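Data block below; observations after.
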Amino acid sequence: MSFNLDVWKLLAGLGIFLFGMLLIEESVRALSGRAFRRIIRQYTDGRLKSIGSGALVTALLQSSSAVSLMVLAFVGAGVMNMQNAVGVIMGSNIGTTLTAWIIATIGFKIKIESLALPFIRLGTRKWGPRKWGQIFEFESLLICSRSR
């Protein structure tokens with residue numbers, strides 16, 4: 001088995017990832033008003049609430065990586081504190097496990113990758129705040145990168 005590491009592709013991928021994290025953190029910071037901060041604090045206040053919120057959001061998004069990246073952006077933007085973020089990430093991992101059990105038991109026939117291109121289109125539209133579009137674009141590119 002041959003292993004060929006292309007350092008330039010690795011560095012380019014890391015650069016795109018870090019640039020995407022910067023964009024989403026700036027977007028969250030620009031969009032986080034009092035109501036948004038209150039909602040985040042309300043649903044992540046306390047260990048059990050934060051774990052439950054992480055599990056629920058992971059079940060909806062079907063991606064613990066996306067939840068973890070959003071939580072990191074929330075912490076970086078000052079919307080969420082680190083203690084609650086750890087709970088949400090723990091809940092995210094629990095939600096991934098529960099989702100896998102549900103899918104193994106019931107079955108799931110929808111490919112989430114089919115939603116990525118419409119979300120990229122939503123992100124490039126000129127309606128609404130531009131920062132929402134950047135969040136849609138980042139999440140869609142994250143889904144596309146995981147589909148291969």
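Only helices (runs of 4 or more DSSP H) whose full extent lies in segment 22-97 are considered here, and the ones with at least 3 residues that are in contact with a helix residue (DSSP H, G or I) (Cβ under 6 Å, 6 or more places away or on another chain) are 47-61, 64-76.
Kindly evaluate LYS131 against the criterion of being at pLDDT 85 or above, basic (Lys, Arg) and assigned to a helix (DSSP H, G or I). Walk me through it before giving the result.
Details: at pLDDT 85 or above: no; basic (Lys, Arg): yes; assigned to a helix (DSSP H, G or I): yes.
Answer is no for this residue.
Looking only at segment 1-33, filter to residues that are closer than 15 Å to PHE74 by Cβ and without any contact (Cβ under 8 Å) to a residue 12 or more places away in the chain; which one of those is surrounded by the most Cβ atoms within 10 Å (Cβ to Cβ)? The residue in question is LEU22.
As a summary of the residue check, THR97 satisfies the conditions (1) buried (at least 16 other Cβ atoms within 10 Å of the Cβ); (2) at pLDDT below 90; (3) of a type outside the set (Phe, Trp, Tyr); (4) farther than 23 Å from MET21 by Cα except for the one numbered (1).
Taking segment 42-56 as the range and being of a type in the set (S, T, N, Q) and farther than 12 Å from ILE89 by Cβ as the test, only GLN42 passes. Pairs are defined by a Cβ separation below 7 Å, a sequence spacing of at least 6 or placement on different chains, a first member in segment 57-70 that is in contact (Cβ under 8 Å) with a residue 12 or more places away in the chain and over 9 Å from GLY95 (Cβ atoms), and a second member that is of a type in the set (Ser, Thr, Tyr) and assigned to a helix (DSSP H, G or I); the pairs so defined are GLN62/THR99; SER68/SER92.
The values are calculated or read from the model by the stated rules, or taken from the named source; none is laboratory data. A quick note: this is a predicted structure, and the numbers were derived from the prediction, not measured. With ideal geometry, Cβ positions are generated from the backbone for all residues, glycine too; neighbour counts draw on all protein chains shown.
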